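Here the structure is laid out as structure tokens; the discussion comes afterwards.
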Amino acid sequence: MYYRYVLKELGHHRQRMLVNCLGIAVGIALFVSINAVSAAYREAVSLPFKNLGADLVVQRPEMRAVDSGQPAQSMRGIRLPISSQLLAAGDLEKLRAVPGVDALSAALLLWEFDRGGFRTIMGVDLAQPSLGPVRVKDWLAKGRFPDREGEVVLEKHYAKFHNAQLGDPFAISGRSFTVVGLLEIKEGSQIAAANIYLPLADAQALLGKEAGSVNTIYLRLKDPSLLNRIKTEVLKGLPGVSIASSDSFLEVMGGVSRISDQFALVVSLVALGGAIFLIIKTMLANLVERAREIGILKAVGWTGADVRKQLMGEVFVQALLGGIAGIVAGYLISYLLGYLSIPVSTPWEMNLTPAFAKDAAAAAQTISLPVSLSASLIAASLALSLAAGGLASYFMARRMAKMKPADILRQL
């Protein structure tokens, strides 16, 4: 292959080269941006669990009165959420014994209804600092997180509404606590969003139950790929519990998530296939235009293999340049799409607020798409670009094999 001749030929036909590179770049840009957004979509719906360091959340929903034979609980004062009743101490031991569970953290979520309105209270396990709602301590705006009983942290907007400052006394169900911190809920953390955070023992005292009472269990798995198998094991050991994971959010979001997950690759490949078709068609048309040139080259001693190498070199350079340009364009498109936000609805079993509460809208939050380009996506895009060039070279070689120098020179 004559490398200098390859570059001179491409430079001589700049317009033709730009058209071919642009075709490849458009296809690669679509492939990169569609797959980057699809991956960001899946990342967004898993964000609530990543923020807690958990893979699974286990709760026990309240039985309906007609099923249990028990009257409905009063909605006054401190009570348990309908979707999250108490779990027995033995339930925690069963969960710890499930193969594949790496760590476990417990919490007690409470609702309080009084004349001042409705609020959510989260009792957190301070003994497990890296798992569960205790991780909201990383979002402190002021002060510190409680390290002893009698202290609370307030969500800063809730604190502002109630004119609560650091060091102020704060009453919950007739008991006085001291405000030691204010925090801002992080984006995508609706399954840990509460108005008040306090030590687990204080929450249990407010409920008036025995020590060890919890209603939400956060599990971290040794191998997240075994999530479905561990779900099955948990349901066998604890019939009737609800198990939530990032898949639960995908199910709530319905068709959009399934389309994003299943058809993003298909759509991007169709777009890339269309671009490849146009490239091949353009290059074959160019080959006809270059028939005189090919005839002259063969007449001065170039073999068919020499001509094929020359054409393949030109196609390779165009595919490489087009692929790089497509990756850059795809990155810019993905970067701009990263400013978009999508609504992420909370599954019923994970809803921290009742449907009739004033702030129930917090159950559906928007999350900015965490768009990024992975090394694997860049490598796949560049490989597809070169594959497109190789495919075009193959069809050009077949077409050139049918071209006879004598017939070409006879037309000069």
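A few remarks follow.
- Residues that are farther than 20 Å from residue 39 by Cβ and modelled with pLDDT of 80 or more, drawn from the stretch 365-402: 386, 387
- Cβ-Cβ under 6 Å pairs, at least 6 apart or on other chains, the stretch 107-134 side within 15 Å of residue 212 (Cα to Cα), far side small (Gly, Ala, Ser) and assigned to a loop (DSSP other than H, G, I, E, B): 107/132; 109/84; 122/194
- A count restricted to the stretch 161-199 and to residues that are within 13 Å of residue 137 (Cα to Cα) and either in a strand (DSSP E or B) or modelled with pLDDT of 90 or more (or both) stands at 8.
- Failed criterion for residue 235 (all others in (1) touching a helix residue (DSSP H, G or I) at 6+ places or on another chain (Cβ under 7 Å); (2) aliphatic (A, V, I, L, M); (3) surrounded by fewer than 20 Cβ atoms within 10 Å (Cβ to Cβ) hold): (1)
The values are calculated or read from the model by the stated rules, or taken from the named source; none is laboratory data. Quick caveat: nothing in here was measured; it's all calculated off a predicted structure. A quick note on method: Cβ atoms are made from the backbone with ideal geometry, for glycine too, and the neighbour counts reach across all protein chains shown.
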